[in-house]
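Here, each number is a calculation from the coordinates, and none is a lab measurement. Keep in mind the model is a prediction, meaning the values are calculated, not measured. Here the Cβ is made from the backbone with ideal geometry for all residues, glycine too, and neighbour counts use every protein chain on show.
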Amino acid sequence: VEFDYVESMNEPLANWWVSTGTQEGCHFGLEAQAIAILSLRHALNKQNLFDMVVTASDENTYDDGLRAWLSYNSTVKGVVGKVNVHGYQQEAGRRDLLYEAVKEKGKTKLWNSEYGDGDVSVMKQKDGAC
């Protein structure tokens with residue numbers, strides 16, 4: 001199995017994650033996110049996995065994704081090769097602002113890694129992507 005990206009958290013700003021939960025996720029405050037991202041890069045480098053791309057932070061909403069990205073300093077942003085975000089805000093979130101903030105860094109990619117709106121026809125998803 002080959003991996004292109006690795007991430008250390010899922011929906012970290014969400015406060016509904018508890019130790020007895022039945023779904024993936026874990027709460028990380030913004031400072032803890034930065035530490036986790038840098039620690040992951042360090043651990044990968046120790047294993048000579050220099051080409052493994054670190055992603056962050058897979059927030060539940062575009063707005064939380066933007067909040068997290070803007071909180072990272074240049075060192076943290078420098079080790080993130082792709083920004084993942086979930087699309088549960090649909091068209092209500094400011095995906096455009098997240099895109100612009102991520103694009104400023106140049107090489108960083110933005111990826112909508114999870115989406116759901118209850119519409120199995122995917123028409124809402126199609127409209128929200130434009």
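Computed quantities for the displayed model
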{"item": "Two-decimal Rg/Rh across the chain, once Rg and the Kirkwood Rh are taken from alpha-carbon atoms", "result": "0.97"}
{"item": "Relative packing of peptides 60-67, 9-16, 28-35 - highest average C-beta neighbours within 10 Å first", "result": "60-67, 9-16, 28-35"}
{"item": "Scattering profile of the range 1-57 at q = 0.13, 0.28, 0.30 Å⁻¹ [log10 I(q)/I(0), Debye over alpha-carbon scatterers]", "result": "-0.38, -1.09, -1.16"}
{"item": "Between helix 30-46 and the chain: long-axis angle, C-alpha atoms, 0 to 90°, nearest 10", "result": "50"}
{"item": "0 to 90° range, to nearest 10: angle between helix 62-71 axis and the chain longest Cα axis", "result": "30"}
